[in-house]
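**Student:** One structure follows; several queries about it will come next.
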Amino acid sequence: MSLLELEHAALSPHRFVKSIKATKNADPVRPYQNRGVPCHKRASPNFNEVYRAETIGLIPGGRFLLISDTRSGMCLWDLGYNANIPIKPFPIATLDLPNSSLDLKCMGPGEGGRDLLLAVTIELDNASMLRIYRIDPEIVIQGFHMEGQLEIDGTLTMVGSFLCSDGVYLVHEGCFVLWNWANNTGCKWDSHSISTFYPSAVSCIEISLFTAVISHFVQRFMLASNLSSRIAGGEHIRVWDVPDLVSVTNPNIADFHLVKNPPKYSLAPLLVDDTAEIILTGTPIWQRQSTSTLHLLRLVGFETAKENYNLIMYSLRDVAKLNDPFLPKLLPVSAGRSRFVHEEGNPAMLRGLVSSLRNCDNHLVFCTGNEPEVGEDDIHQIIAVALQIPSQFSDNAIHRHSMTLLNRRESTGDEDGGFQFGFCPMSGRLVYLSADGIEPEVRLADYLLPPEEPSRQEPS
């Protein structure tokens with residue numbers, strides 16, 4: 001990478017936030033370029049066999065993309081580090097498991113942040129398992145290396161974007177489960193006994209590395225992505241401290257030790273009707289250098305909500321040093337709210353995915369899928385939103401800016417799962433599934449101009 005390209009990469013977050021703040025209406029912006037990712041299988045003759053993307057995951061930085069195909073396995077693509085670099089015609093690494101069904105659930109950084117960890121569920125010979133794989137995108141010759149395997153009985157729910165260098169968080173048959181494959185330790189605790197009603201499922205988003213869990217009880221569960229937890233209906237947001245892990249003699253989730261672990265804190269009830277969609281998203285694992293930088297957003301699809309505020313921000317403050325048994329290790333503190341998620345003029349309904357909340361050029365930036373209200377034109381959108389980073393407690397309105405990245409008349413993704421996209425504000429990139437053809441196509445949109453050499457005037 002040249003000095004010019006390094007300068008371009010360093011200034012890209014500032015340029016992207018600046019472009020969001022400069023947008024004055026809901027009209028979609030035109031990307032610098034919008035390309036298709038070929039998805040060719042290397043061994044296919046005449047390039048007529050491709051991976052059918054069912055799950056996509058854009059790795060922070062925007063250069064590498066994971067594609068999961070339940071029939072063909074999983075592959076890693078090099079998209080190039082800016083819009084001047086062509087996309088590689090073939091995957092740079094593949095994971096093929098014959099006679100099995102594979103599904104990418106979530107990903108996270110390895111120790112030191114150089115390599116990549118993947119949580120994958122596999123159905124093989126009538127057995128279900130969760131496997132952890134590791135890969136270094138810069139040394140792909142080593143391929144995908146399996147780090148650990150956990151046998152599963154019953155229904156498994158992977159929860160948004162918690163996978164770190166030595167632990168994974170999930171939900172299994174009414175219990176919260178933590179598993180540290182490196183040390184072969186884990187535990188689980190009951191999620192039903194601490195609620196005043198008996199939910200049929202629960203959706204949780206883990207906020208700090210083995211420190212605290214924030215959970216939202218719901219009547220119904222719908223898994224939307226590896227970046228956030230999508231739920232419908234709701235009551236309280238509760239906070240648990242994560243208990244100590246114990247040794248696991250058998251890598252089977254049914255044999256994990258069940259511990260007593262009641263919640264430490266509960267926020268006020270969320271006054272929404274049964275049809276309102278509630279979404280929790282927060283600081284991603286990639287940016288959790290310290291607890292003072294963690295934030296949480298609670299969003300509501302406001303066309304059905306009864307309350308006035310449809311975006312509420314919390315700053316998660318570290319109070320563990322107080323060593324008070326009445327307090328959780330992390331305490332959510334109100335940091336502002338807004339009646340609308342986007343600027344006025346956008347379709348009302350949040351649909352499908354919401355990206356994680358990234359610290360980008362002194363702003364918090366996230367991306368949402370949107371669809372119109374009933375009776376309006378069938379235009380679906382993907383919208384980027386930038387919020388000021390809070391500096392103190394606030395119940396006041398949050399000043400926000402939004403920019404429409406994508407505006408399409410057909411569904412982008414499948415009808416059940418909602419929009420499928422990956423978003424990186426640090427590089428101004430959006431990867432999404434387009435339903436223009438018979439099979440979903442992976443598209444890459446670059447919203448920042450590539451680096452270019454300064455013009456030189458000829459001497460007179």
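**Student:** Out of the total accessible area of the stretch 21-92 (probe 1.4 Å, heavy atoms of protein only), what percent is carbon and sulfur?
**Tutor:** 49 percent
**Student:** Turning to a different aspect of this structure: Tell me, in nm to one decimal, what length is gained between Glu49 and Ile85 on full extension, where the rule is 0.36 nm per residue of separation less the Cα-Cα distance?
**Tutor:** Extra length from Glu49 to Ile85 when fully extended: 10.5 nm.
**Student:** Where does each of 395-405, 329-339 land if you order them by average Cβ count within 10 Å, highest first?
**Tutor:** 329-339, 395-405
**Student:** Per residue, how much accessible area does the stretch 44-86 show when a 1.4 Å probe rolls over the protein heavy atoms, in square angstrom?
**Tutor:** Numbers: 1610 Å² over 43 residues.
Per-residue accessible area for the stretch 44-86 comes out at 38 Å².
**Student:** Could you calculate the FRET efficiency of Glu123 with Asp244 from 1/(1 + (r/R0)^6), where r is the beta carbon distance between them and R0 is 41 Å, rounded to 0.05?
**Tutor:** It comes to 0.80.
**Student:** Specify whether the C-alpha gyration tensor of the stretch 63-155 places it in the rounded, prolate or oblate class, a ≥ b ≥ c being the square roots of the eigenvalues: rounded for a/c under 1.5, otherwise prolate if a/b is larger than b/c and oblate if not.
**Tutor:** prolate
**Student:** What does the highest-first list of 93-104, 355-366 look like by mean Cβ count within 10 Å?
**Tutor:** Listed from highest to lowest mean packing, they are 355-366, 93-104.
**Student:** Return the FRET efficiency for the residue pair Leu322, Asp136: r is the Cβ-Cβ distance, R0 is 45 Å, and the value is rounded to the nearest 0.05.
**Tutor:** My answer for the efficiency is 0.65.
**Student:** Going down the table (Lys264/Lys321; Lys260/Lys329; Lys18/Lys88; Lys41/Lys105; Lys188/Lys329), which pairs top 24 Å between alpha carbons?
**Tutor:** Values: Lys264/Lys321 16 Å; Lys260/Lys329 17 Å; Lys18/Lys88 30 Å; Lys41/Lys105 22 Å; Lys188/Lys329 19 Å.
Over 24 Å Cα-Cα: Lys18/Lys88.
**Student:** What is the calculated FRET efficiency for Asn99 to Lys260, with r their C-beta to C-beta distance and R₀ = 35 Å, to the nearest 0.05?
**Tutor:** 0.25
The values are calculated or read from the model by the stated rules, or taken from the named source; none is laboratory data. From a predicted model like this one, the values you see are computed outputs, not experimental measurements. Methodologically, a virtual Cβ is constructed for each residue, glycine included, from the backbone with ideal geometry; neighbour enumeration extends over all protein chains shown. Surface accessibility is based on the protein's heavy atoms, side chains included, excluding ligands, DNA and RNA. Shrake-Rupley method; radii C 1.70, N 1.55, O 1.52, S 1.80 Å.
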